[in-house]
């Protein structure tokens, strides 16, 4: 797909991997709708990119009506929707049992599933509906592409990551059946599984903690750059033959138990 002048939604677009994706898509001439809960940062990004090229919607990805209304406003403003990149998510760590043998509160598990997995599906389903109304584009006759954010934890969850790994493993499992569901409409579905990325939250940790996170990365021997995630998302949008695929971006990292 030639993505210039196309329209994208990026959830979690105010920070980290989401913001890197917003910047990468905008640099290629994509009109971007940012779905997030940070009003101030969202307004700042729209001001930076220009209101003719970007918009912000305060969205709770868990809420069906919130997402449906926001997608409708995107289509109303920009005329269509072609790309959806789901980056909104949380990554809390909590063991199934604590040191005293107490069970993890169920809400800790259900909350991360609701935001990371159900939230991803919620936005993807509504985005797919909007994309289905597009005229086919290019030689491949595409109508759109959905890119969901998984994690290497979906393959190799660490101690304390039962909820997070389950949510990201769910995104990996969602990938192929959703791609098959939407293939007749010319809508592709893919996932990116990032490893240890140098997001602002992680870069705020002490240097010794950052160094320990790099130990099992093979090459390049460093944290991943958010811009590398953003450029991969843009490439997936452009490459019509990438479909039903989960792509690791992790420097050959394989997570240890802890």
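The values are calculated or read from the model by the stated rules, or taken from the named source; none is laboratory data. This structure is a prediction, so every number in the text was calculated from the model and none was measured. Note that we place each Cβ from the backbone using ideal geometry, even for glycine, and neighbour counts take in every protein chain shown.
Things to note:
- Within the stretch 70-103, the residues that satisfy the criterion of being exposed (fewer than 13 other Cβ atoms within 10 Å of the Cβ) and part of a strand (DSSP E or B) are 97, 103.
- If only residues of the stretch 124-141 that are in a loop (DSSP other than H, G, I, E, B) and more than 12 Å from residue 75 (Cα to Cα) are counted, the one that is nearest to the chain's Cα centre (by Cα) is 132.
- Applying the criterion of at least 1 residues that are within 20 Å of the chain's Cα centre (by Cα) and closer than 23 Å to residue 19 by Cα to the helices (runs of 4 or more DSSP H) found wholly in the stretch 175-258 leaves 200-203, 226-238.
- Single residue of the stretch 179-216 satisfying the filter (out of contact with any helix residue (DSSP H, G or I) (no Cβ under 9 Å at 6 or more places or on another chain), surrounded by 11 or more Cβ atoms within 10 Å (Cβ to Cβ) and at pLDDT 95 or above) that is nearest to residue 248 (Cα to Cα): 179
- Filtered residue count, the stretch 38-54, keeping only those that are touching a helix residue (DSSP H, G or I) at 6+ places or on another chain (Cβ under 6 Å) and closer than 22 Å to residue 133 by Cα: 1
- Restricting the stretch 142-161 to residues that are in a loop (DSSP other than H, G, I, E, B) and touching a strand residue (DSSP E or B) at 6+ places or on another chain (Cβ under 6 Å), the residue that is nearest to residue 121 (Cα to Cα): 150
- Per the listing 8, 20, 33, the residue uniquely farther than 19 Å from residue 235 by Cβ and either touching a helix residue (DSSP H, G or I) at 6+ places or on another chain (Cβ under 8 Å) or surrounded by fewer than 18 Cβ atoms within 10 Å (Cβ to Cβ) (or both) is 33.
- Residue list for the stretch 115-143, restricted to those being on the phi > 0 side of the Ramachandran plot and modelled with pLDDT of 95 or more: 141
- Count of residues meeting criterion [buried (at least 22 other Cβ atoms within 10 Å of the Cβ) and outside any helix (DSSP H, G or I)] in the stretch 56-69: 3
- Filtering the stretch 135-161 to residues that are touching a helix residue (DSSP H, G or I) at 6+ places or on another chain (Cβ under 9 Å) and surrounded by fewer than 19 Cβ atoms within 10 Å (Cβ to Cβ) leaves 155, 156, 158.
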